Each structure stands twice: as C-alpha cells, then as structure tokens.
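J.: The structure is given below, and queries will be raised subsequently.
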Amino acid sequence: MTNAIREEYLIKDIPEFRERYGDTTHTIYDKSAPFLSEPMQEFVRLSPFCVVSSQDAEGHSDITPRGDPAGFVEIVTPKLLLIPDRPGNQRFDTFRNILTHPPVSVLFMIPGVFDTLRVNGNALVTRDPELLERCAINGRVPPVGLLIEVVEAYGHCSKAIRRAGIWSPDTQIDRKLAPSLKDLMTAHQDYDQTLLDAMQGRIERDIKVNMY
C-alpha cells in the first residue's frame, strides 16, 4: 500500500458503506432482468460498441473494447449473446480469462444516446461455424467468438455520459494533444528510435489492412 493511501479513511465493508451512503429504492434493484427484454434487444441491435470486463481465476481483471457496425453482437436468444472476435494484438486476455473464470460484464453504448445497457453473465468460447458465419464482414468469418449466457441485464442512467460530455462535439480534442498508441506502448521501455519508427509503421498498416 502506497503512502498516498491513508488507512483511516478506507471503507472496509458493505455495512459501513451503506451506513454512510444509505440504501436505494426497490425499483432500482427490480430493474434488472435475467434475460434481454425486447427493448434491451433493440438497444443491442443499435449498438456499434461495447466493453467487456473479465477476470482470471486469480482475480486479475481486464477490460476490452469491442466494436463493429451496429448490430454486430448477435442475439442468439434472449438469454444468449454472441460477440465475434476480430483481428487484434494476439494477447487474447479476455479469452484466457474466461477459459478459467467464465463470469463477464458487458456495457453497451450507442452514439448520441446517453443511457447505456449493462449485461452480466457467463462466457464461453465458441468456434461453431453456423453461429460465426452470421458475423462475417467482407466475406471474413471470425475464427472464434464469445457466447455470453445472460444472468442479469439492466439499463443504466445517463448521468456519467452527460457529465463527461462524451457525445458533444465541444469535448473533442485535437488528436495530436493526446498520447499516441505508440507512446502508450513504449514510453516505459528503452527502445531506440529505429524500432519506434518501425512500430509506428506497423500500427498504421495494421489499421489499414487488418481490420477484419
């Protein structure tokens, strides 16, 4: 524990937390469902982007973005979703996690819509060709996908998105002002400039030729 964390101000358990902040109304708990209702399914169909969180058996967590044209997540049944896998960095963090610890959470977002949809469930890795062919883009069928058995689904209010101004053009910044992917990947390493330039070239080529 670092010196910046002051032990006396840490909340250690749920009863203490609830004592300080109170409980919520029963309608907030009742809003969740053990399946995707019709409005929830429509939200998924309209969503081009989601993030998936997972943990391995030791509790190491990960979160990863998934995106494609709206409707890329297949609704197999109201209790079962399929998220296709696309070319990436070959770390396969999510897959490695769920092969040892299946529970996952997914957050669906729609550009311009302030509310979000949260889905909790258990994930499986599938290579079923009949399912994966539904997810083909440009004639390319994903080699594997995530099947998510829905345990709980519910809508989430718009406050965080509104506070962030995430859909407002006024909050967008010049890309040059933010660290590049190359910088995020290498600033903590002792790489020479030749290697850095080569890495930047690979990043740019990957976006152009390896989307699907």
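The values are calculated or read from the model by the stated rules, or taken from the named source; none is laboratory data. All values reported here derive from a predicted model rather than from experimental measurement. FYI the Cβ positions are ideal-geometry reconstructions off the backbone, even for glycines, and counts take in every protein chain you see. Surface accessibility is based on the protein's heavy atoms, side chains included, excluding ligands, DNA and RNA. Shrake-Rupley method; radii C 1.70, N 1.55, O 1.52, S 1.80 Å.
J.: What is the gain in length, in nm to one decimal, between Ala4 and Ala136 on full extension, counting 0.36 nm per residue of separation less the C-alpha to C-alpha distance?
T.: Numbers: separation 132, 0.36 × 132 = 47.52 nm, distance 4.90 nm.
Length difference between fully extended and current span is 42.6 nm.
J.: Using label points projected 7 Å from each Cα along Cα→Cβ, tell me how many nm separate Glu38 and Ala70, to one decimal.
T.: 1.9
J.: Let me ask something additional. Starting from the Cα gyration tensor of segment 1-132, multiply each eigenvalue by 5, take the square root, and state the resulting semi-axes largest first in whole Å.
T.: 30, 22, 14
J.: Now, a different point. Using +1 at the C-beta of Lys and Arg and -1 at the C-beta of Asp and Glu, which of Ser180, Tyr191, Val51 has the Cα lying farthest in the positive direction of the dipole of the chain?
T.: Comparing the listed Cα positions along the dipole, Ser180 ranks first.
J.: Just to be sure I understand the model, the point goes 7 Å from the Cα along the line to the Cβ. What's the resulting Leu177 to Phe114 distance in nm?
T.: With each label placed 7 Å out from Cα toward Cβ, I get 2.3 nm.
J.: In the chain, if the dipole is taken from +1 on Lys/Arg beta carbons and -1 on Asp/Glu beta carbons about the Cα centre, which of Ile14, Ile166, Phe92 is farthest to the positive end?
T.: Among Ile14, Ile166, Phe92, the one farthest towards the positive end of the dipole of the chain is Ile166.
J.: Under the definition of Cα pairs under 8 Å and six or more residues apart, what whole-number percent is the relative contact order of the chain?
T.: Across the chain, relative contact order equals 20 percent.
J.: With +1 assigned to the C-beta of every Lys and Arg and -1 to the C-beta of every Asp and Glu, and no other charges, what is the dipole magnitude of the chain about the Cα centre in debye, to the nearest 20?
T.: Approximately 480 debye in magnitude.
J.: With every protein chain left in place, what is the accessible area per residue of segment 74-169 in square angstrom, probe 1.4 Å?
T.: Ligands and nucleic acids excluded, the figure is 54 Å² per residue.
J.: Could I ask something else about it? How high is the relative contact order of segment 98-163, given as a whole-number percent (alpha carbon pairs under 8 Å, six or more residues apart)?
T.: Details: 105 pairs, mean separation 23.9, N = 66.
Answer for segment 98-163 is 36 percent.
J.: While we're looking at this one, here's another question. Among Gly71, Phe108, His26, flag the residue with its Cα farthest along the positive direction of the charge dipole of the chain, charges on Cβ as +1 for Lys/Arg and -1 for Asp/Glu.
T.: Gly71
J.: Using 0.36 nm per residue of separation minus the Cα-Cα distance, give me the extension gain between Asp128 and Val144 in nm, one decimal.
T.: So the extension gain works out to 5.0 nm.
J.: OK, next. So between Thr194 and Arg45, what do we pick up on full extension, going 0.36 nm a residue minus the alpha carbon distance? Display every interim value, and only then the final one.
T.: On the way: separation 149, 0.36 × 149 = 53.64 nm, distance 4.44 nm.
The span from Thr194 to Arg45 would gain 49.2 nm if fully extended.
J.: Okay, next question. Carbon-plus-sulfur fraction of the accessible area of segment 79-212, 1.4 Å probe, in percent?
T.: 54
J.: Could you pull out the longest piece of the chain with no exposed loop trypsin sites (Lys or Arg not before Pro) in it, calling a site exposed if DSSP puts it outside H, G, I, E, B and it has at most 13 other Cβ atoms within 10 Å?
T.: So the longest stretch without any such site is 128-212.
J.: Over segment 1-126, what is the relative contact order in percent, taking alpha-carbon pairs closer than 8 angstrom and at least six residues apart?
T.: Dividing the mean separation by the residue count of segment 1-126 yields 24 percent.
J.: Further question on the same structure: Size of the dipole of segment 1-97 about the Cα centre, Lys and Arg at +1 and Asp and Glu at -1 on the beta carbon, nothing else charged, in debye to 20?
T.: Dipole about the Cα centre, nearest 20: 240 debye.
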